[in-house]
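Trainee: I have a structure here, written as structure tokens, and I will follow up with some questions on it.
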Amino acid sequence: MASIDITDIRKNYGAIPVLHGVDLTIRDGEFVVLVGPSGCGKSTLLRMIAGLEDITAGEIQIGGIRVNDLQPKDRDIAMVFQSYALYPHMTVAGNMSYSLRLRRAAKQVIAGKVASAAAILGLDTLLERRPRALSGGQRQRVAMGRAIVRAPKAFLFDEPLSNLDARLRETMRGEIKRLHQSLGATSIYVTHDQIEAMTLADRIVAMNAGLVQQVGSPLDLYDRPANLFVAGFIGSPAMNMLGGTYRAADAAFVAHDNSVVPLGRAYGCADGAAVTLGIRPEHVVVGGAGGHVTAPVDLVEPTGFGTILHLRALGTDLKAFTLERKTAQVGETTSVALPPDRLHLFDAAGSRLS
Amino acid sequence: MTRRFILGTVAHRLAILVYIIFALFPLYWLLKVSVTPNDLLYSEGVRMWPSRAGLEHYIFVLEHSDFPKFFKNSVIVSASTAFIVTILASLAGYALSRFTFRGKYWIVVLMLLTQMFPLVMLVAPIFKMLSPLGLTNSLGGLILVYVAFNVPFATFLMQSFFDGIPKDLEEAAMIDGATRFRAFRQIILPLTLPGIAATLGFVFTAAWSELLFALMLISGADASTFPVGLLSFVSKFSVDFGQMMAAGVMALIPACLFFLLIQRYLVQGLTAGAVKG
């Protein structure tokens with residue numbers, strides 16, 4: 001196992017910059033998830049760590065050794081691909097042992113390591129099969145097995161679950177987390193799925209447009225998003241974003257329809273400045289006394305787990321999530337409260353205000 | 001519904017049968033003439049099978065003509081051409097499929113350009129170039145010319161096969177500890193066997209039946225290939241159809257054997273199960 005240090009990494013494809021300078025330190029044994037929309041550069045960053053993409057500028061160190069000019073084979077990392085990339089002409093055992101055979105490990109050692117990896121992943125009975133005779137979930141497991149037979153310095157995962165159906169994805173997500181807990185391996189995991197990021201990560205690196213937007217624990221990103229991008233990307237249903245202005249006199253937010261939301265405390269922001277107010281749907285209080293505004297109910301979406309209400313309030317479509325089932329009907333008017341300690345305020349540039 | 005289904009099937013099979021007869025009839029006629037004795041060749045009229053068949057033409061061709069020598073020359077030229085072209089085309093096709101490098105576009109354009117000229121135009125210049133090098137009237141010279149003419153097309157063919165193999169596979173192999181060349185050899189090549197077989201077969205048959213260059217570059221019987229040799233059965237006053245057809249039947253054998261050997265790879269879809277599916 002090893003730490004990974006990334007210093008001011010840049011990547012251009014021709015004249016087009018994809019990564020604009022990324023700094024990141026991944027501690028030994030840590031599980032870090034790179035998350036962001038497609039095209040944000042997260043896969044490129046992972047492939048640069050693996051040695052599959054050239055580094056335009058900057059430095060990558062694995063275990064304190066500069067690897068910029070090392071071939072993938074000399075970096076001692078393992079990678080699980082989105083497509084699994086199993087060798088179709090080799091059996092499951094052959095796929096898993098390929099890296100050990102390349103290193104000329106002894107036959108008994110190979111057999112022992114393959115058997116123990118197969119036992120961990122429940123592949124014992126499939127070792128002689130070819131990839132084409134396996135289901136999607138089994139292929140995914142073989143791809144993981146190929147990574148864990150040797151103890152590499154780090155595991156890289158490139159959207160390993162996105163080809164599985166939703167149910168299987170949930171199961172494999174749990175298995176990956178359990179595997180990490182038992183192996184304690186340094187892992188970097190790329191995904192566009194914020195649920196995967198939240199559930200798996202020790203730390204999340206949220207990326208957009210080739211820049212790191214925020215690094216922190218999952219709950220850090222959830223509770224204190226550094227900017228509008230992170231606020232909107234993390235969490236489902238997504239955070240409500242309301243446009244308006246800041247009123248310094250009584251520390252309040254004035255929405256476009258002139259309704260007022262008290263912020264509870266003063267923010268470091270000029271009077272009358274354009275701001276965005278964010279509140280997660282689950283924090284919007286519907287019904288009950290002490291509401292700031294009254295709002296008609298537009299739409300009701302029951303999810304079984306709870307209910308999502310769409311309200312016409314504060315000049316926008318305000319979503320509220322409650323665990324209760326017995327909620328308002330469409331057309332009804334209800335009172336809405338936005339608790340001050342649950343509010344997020346962002347300036348015109350999108351950065352969080354304190 | 002079932003009636004229509006049966007009718008459709010019958011029509012389908014009939015169409016295939018007609019096509020097969022159309023395609024194979026010349027071969028049948030070749031065989032028929034080759035076993036017809038000379039005295040019956042013109043005397044019996046058009047018959048599907050002669051009243052008396054014999055192997056005398058075959059025996060004559062094998063024992064009293066240069067045909068065994070032509071045959072050996074053809075095998076050497078075609079097999080060498082097929083192997084050299086396939087090796088070059090695999091490497092070049094892989095490079096075109098996987099790498100971006102300066103001048104790639106122009107290399108592709110140049111290769112396409114070579115395919116645009118009618119061969120007749122090129123015979124004289126090529127003769128002019130090979131002659132001072134001592135490469136006319138030699139199998140080596142013929143192999144060189146065939147390789148040069150077949151590499152571009154074979155490269156495009158191999159490139160399309162490599163394009164069909166996911167890049168992830170060799171990247172996974174490189175991360176597993178292989179060099180790029182090792183990944184190419186151990187992971188990509190085994191998966192390209194159908195493509196390699198197709199290329200081998202294509203180039204082999206092209207070289208096997210090539211007449212123009214063989215005729216122009218080779219003048220002595222020592223270095224003649226069999227298509228040139230077949231012409232020796234045409235003399236000033238007569239054509240030895242029986243012997244010519246017997247030689248033709250024998251010339252079919254290597255091509256048939258070759259395809260028998262590689263057909264296993266031609267029909268195999270080896271990449272199934274590599275990536276999601």
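Trainee: Along each of the three principal axes of the Cα atoms of the range B:1-157, give the extent in whole Å, ordering the values from largest to smallest.
Mentor: Principal-axis extents of the Cα atoms in the range B:1-157, largest first: 66, 63, 27 Å.
Trainee: Sticking with this one: Say R0 is 22 Å: what FRET efficiency, to the nearest 0.05, do residue A:15 and residue A:238 get from their beta-carbon distance?
Mentor: Numbers: r = 34 Å, r/R0 = 1.56.
E(calc), rounded to 0.05, equals 0.05.
Trainee: What does the highest-first list of B:153-161, B:181-189 look like by mean Cβ count within 10 Å?
Mentor: Numbers: B:153-161: 20.9, B:181-189: 18.2.
For the peptides B:153-161, B:181-189, the packing ranking is B:153-161, B:181-189.
Trainee: While we're looking at this one, here's another question. Run the numbers on chain A and let me know its relative contact order in percent, using alpha-carbon pairs under 8 Å that are six or more apart.
Mentor: Values: 732 pairs, mean separation 55.7, N = 354.
Reported as a whole number, the value is 16 percent.
Trainee: What do you get for GluC sites (Glu not before Pro) in the range B:24-67 restricted to DSSP loop and a cutoff of at most 15 other Cβ within 10 Å of the site's Cβ?
Mentor: B:44
Trainee: I would also like to ask the following. Give me Rg over Rh for the protein assembly as shown, both radii from the alpha carbons and Rh done the Kirkwood way, two decimal places.
Mentor: My calculation of the ratio gives 1.17.
Trainee: Please find, in a Gaussian network model of chain A (springs between Cα atoms separated by less than 10 Å), the residue of A:288, A:235, A:145 whose mean-square fluctuation is greatest.
Mentor: Most flexible of the set in this elastic network: A:288.
Trainee: Kindly provide log₁₀ I(q)/I(0) values, in the same order as q = 0.09, 0.17, 0.19 Å⁻¹, from the Debye equation applied to equal alpha-carbon scatterers of the range B:147-268.
Mentor: For the range B:147-268 at q = 0.09, 0.17, 0.19 Å⁻¹, log10 I(q)/I(0) is -0.42, -0.95, -1.07.
Trainee: Once R0 is set to 60 Å, what does the formula 1/(1 + (r/R0)^6) return for the Cβ-Cβ distance between residue B:263 and residue A:257, expressed as a FRET efficiency to the nearest 0.05?
Mentor: On the way: r = 76 Å, r/R0 = 1.27.
Efficiency at R0 = 60 Å is approximately 0.20.
Trainee: Right, another one. Nearest 20 debye, what's the magnitude of the dipole of the protein assembly as shown about its Cα centre given +1 on Lys and Arg Cβ and -1 on Asp and Glu Cβ?
Mentor: 1420
Trainee: Then there's this: Using a 7 Å offset from Cα along Cα-Cβ at residue B:38, what residues in the range B:60-88 end up with backbone N under 20 Å from the label point?
Mentor: B:60-68
Trainee: Oh, and also: Relative contact order for chain B: what is it in percent, counting Cα pairs under 8 Å that are at least 6 residues apart?
Mentor: 30
Trainee: Using Cβ contacts closer than 10 Å as the measure, can you line up A:332, A:324, A:175 from fewest to most? Mind showing how you got there, number by number?
Mentor: Details: A:332 13, A:324 9, A:175 16.
Going from sparsest to densest Cβ surroundings: A:324, A:332, A:175.
Trainee: Right, next: What nm value, rounded to one decimal, do you get for the distance between residue A:217 and residue A:106 when each label is placed 7 Å out toward the C-beta?
Mentor: 4.5
Trainee: Of the peptides A:134-143, B:134-143, how do they stack up when ordered by the mean number of other Cβ atoms within 10 Å, highest first?
Mentor: A:134-143, B:134-143
Trainee: Rounded to the nearest 500 deg cm²/dmol, what is the calculated helix-only ellipticity per residue at 222 nm for the protein assembly as shown, with -39500 (n - 2.57) per DSSP H run of length n ≥ 4?
Mentor: Computed mean residue ellipticity for the protein assembly as shown: -14000 deg cm²/dmol.
Trainee: Provide a whole-number value for the mean count of partner chain Cβ atoms within 10 Å of the Cβ atoms in peptide A:85-98.
Mentor: Shielding by partners across A:85-98 averages 5.
Trainee: Hey, if you drop one equal point scatterer on each alpha-carbon of the range B:74-143 and run the Debye formula without solvent, what base-10 log of I(q)/I(0) do you get at q = 0.24, 0.25 Å⁻¹?
Mentor: Evaluating at q = 0.24, 0.25 Å⁻¹ gives log10 I(q)/I(0) of -1.11, -1.12.
Trainee: I've got another one for you. For the range B:1-54, compute Rg over Rh where Rg is the Cα radius of gyration and Rh is the Kirkwood radius from the inverse mean 1/r over Cα pairs.
Mentor: 1.30
Trainee: Can you pull the Rg over Rh of the range A:242-346, Cα-only, Kirkwood?
Mentor: Dividing the radius of gyration by the Kirkwood radius yields 0.99.
Trainee: Which one of A:261, B:122, B:34 has its Cα pushed farthest toward the positive end of the charge dipole of the protein assembly as shown, where Lys and Arg give +1 and Asp and Glu give -1 at the Cβ?
Mentor: B:34
Trainee: Dipole of the range A:242-346, Cα-centred, from +1 at each Lys and Arg C-beta and -1 at each Asp and Glu C-beta, to the nearest 20 debye?
Mentor: Magnitude of the dipole: close to 160 debye.
Trainee: Then there is this: Can you give me the distance in nm between label points at residue B:27 and residue A:25, each placed 7 Å from the Cα along the Cα-to-Cβ direction?
Mentor: 7.4
Trainee: Shifting gears a bit: Report the Cα-based extents of the range B:66-266 along its three principal axes, largest first, to the nearest Å.
Mentor: Taking max minus min along each principal axis of the Cα atoms, the range B:66-266 gives 70, 37, 25 Å.
Trainee: Using the Cα centre of chain A as the reference point, and only Cβ charges (+1 on K/R, -1 on D/E), how large is the resulting charge dipole? Debye, rounded to the nearest 20.
Mentor: 1640
Trainee: Where the centroid of each part is defined by its Cα atoms, how far is the range A:267-317 from the range A:203-235 in Å?
Mentor: Answer, in whole Å: 22.
Trainee: Quick one: which of A:316-322, B:233-239, B:245-251, B:125-131 comes out on top by average Cβ neighbours within 10 Å, and what's the full order, highest first?
Mentor: Descending mean neighbour count gives B:245-251, A:316-322, B:125-131, B:233-239.
Trainee: Related question: Tilt of helix B:2-34 relative to the longest C-alpha principal axis of chain B, in degrees (0 to 90, nearest 10)?
Mentor: Relative to chain B, helix B:2-34 is tipped by roughly 60 degrees.
Trainee: What does the structure give for B:186-196 when I average, per residue, the other chain Cβ atoms found within 10 Å of the residue Cβ?
Mentor: If you average over the peptide's residues, the count of other-chain Cβ atoms is 2.
Trainee: Over the whole of B:160-172, what's the average partner chain Cβ count within 10 Å per residue? Rounded to a whole number, please.
Mentor: Mean shielding by partner chains, rounded to a whole number: 4.
Trainee: Could you tell me which residue out of B:150, B:235, B:202 lies farthest along the dipole of the range B:139-277 toward its positive end? Charges go on the beta carbon: Lys and Arg +1, Asp and Glu -1, centred on the Cα centre.
Mentor: So the residue we want is B:202.
Trainee: Separate question: Got a sec? How would B:101, B:202 order by Cβ neighbour count within 10 Å, fewest to most?
Mentor: Sorted ascending by nearby Cβ count, the order is B:101, B:202.
Trainee: Under the classification rounded if a/c is under 1.5, otherwise prolate if a/b is larger than b/c and oblate if not, where does chain A fall, given a ≥ b ≥ c as square roots of the Cα gyration tensor eigenvalues?
Mentor: Working: a/c = 3.17, a/b = 1.85, b/c = 1.71.
Verdict is prolate for chain A.
Trainee: Could I ask something else about it? May I ask for the angle, rounded to the nearest 10°, between helix A:92-102 and the longest principal axis of chain A, with both axes built from Cα atoms and the value confined to 0 to 90°?
Mentor: That works out to roughly 70 degrees.
Trainee: Kindly express, to the nearest 10 degrees and within the range 0 to 90, the angle between helix B:193-208's C-alpha long axis and the longest C-alpha principal axis of chain B.
Mentor: That helix lies at roughly 40 degrees to the long axis.
Trainee: Go through A:73/A:113; A:153/B:104; A:42/A:177; A:42/B:104 and tell me which ones have a Cα-Cα distance over 26 Å in this structure.
Mentor: Table pairs above 26 Å Cα-Cα are A:153/B:104; A:42/B:104.
Trainee: Among A:183, A:164, what is the fewest-to-most ranking by other Cβ atoms within 10 Å?
Mentor: Listing A:183, A:164 from fewest to most nearby Cβ atoms yields A:183, A:164.
Trainee: Over chain A, with a Gaussian network built from C-alpha contacts below 10 Å, which listed residue (A:292, A:89, A:310) shows the highest mean-square fluctuation?
Mentor: Comparing A:292, A:89, A:310 in the GNM, the peak value goes to A:89.
Trainee: Then there's this: Which whole-Hz couplings ³J(HN,Hα) result when phi for each residue of the range A:205-212 is put into the Karplus expression 6.51 cos²θ - 1.76 cosθ + 1.60, θ = phi - 60°, listed in order with x for Gly and Pro?
Mentor: My calculation for the range A:205-212 gives 10, 8, 10, 8, 6, x, 10, 6 Hz in order.
Trainee: Follow-up question, since we're still on this one. Residue farthest toward the positive end of the dipole of chain B, with Cβ of Lys/Arg at +1 and Asp/Glu at -1: which of B:177, B:248, B:62?
Mentor: It is B:177.
Trainee: Between the alpha-carbon centers of the range A:117-157 and the range B:116-135, tell me the distance in whole angstrom.
Mentor: If you average the Cα positions of each part, the centres end up 57 Å apart.
FYI, it's all coordinate maths here, none of it is from the lab. Keep in mind that this is a model prediction, so the values were computed, not measured. Counting neighbours? That spans all protein chains shown, and the Cβs are built from the backbone with ideal geometry, glycine included.
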